[in-house]
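Shown next, in structure tokens, is the structure this report addresses.
The values are calculated or read from the model by the stated rules, or taken from the named source; none is laboratory data. Owing to the predicted nature of the structure, the values given are computational and were not obtained by experimental measurement. When we count neighbours, we look across all protein chains shown, and the Cβ atoms used for this are built from the backbone with ideal geometry, even at glycine. Accessible surface areas use protein heavy atoms only, side chains included; no ligands, DNA or RNA. Shrake-Rupley method; radii C 1.70, N 1.55, O 1.52, S 1.80 Å.
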Amino acid sequence: GDVVSAEVVCHQRTERSKGYAFVEFKTIGDAKKAVEDLHDKLYMGRKLLVSGAKKERSERPGEAA
């Protein structure tokens, strides 16, 4: 599907990947298809763990919007 953004999470000091990323798709359908197609598949000898987003973070009490 169409990817809106992708962010590989890196270690602050070494700038090496921590082994996970966040990918935002244009539609929920595209995201669900990616989960179905990629979860538990091998990539470069490692099994992928792909899941949908968890509930969005809510603002902390007292934090400005």
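Residue count for the stretch 21-40 satisfying the condition of being exposed (fewer than 10 other Cβ atoms within 10 Å of the Cβ) and in contact with a strand residue (DSSP E or B) (Cβ under 8 Å, 6 or more places away or on another chain): 1. Annotation: Ala53 fulfils all but one of (1) aliphatic (A, V, I, L, M); (2) open to solvent by 90 Å² or more (accessible area, probe 1.4 Å); (3) at pLDDT 95 or above; the unmet one is (3). Filtering the stretch 11-50 to residues that are at positive phi and more than 12 Å from the chain's Cα centre (by Cα) leaves Glu15, Asp40, Met44, Gly45. Which pairs have Cβ atoms under 8 Å, sit 6 or more apart or on different chains, and link a residue in the stretch 38-50 that is closer than 17 Å to Phe22 by Cα to one that is open to solvent by less than 70 Å² (accessible area, probe 1.4 Å) and part of a helix (DSSP H, G or I)? What qualifies is Val50/Ala34; Val50/Val35.
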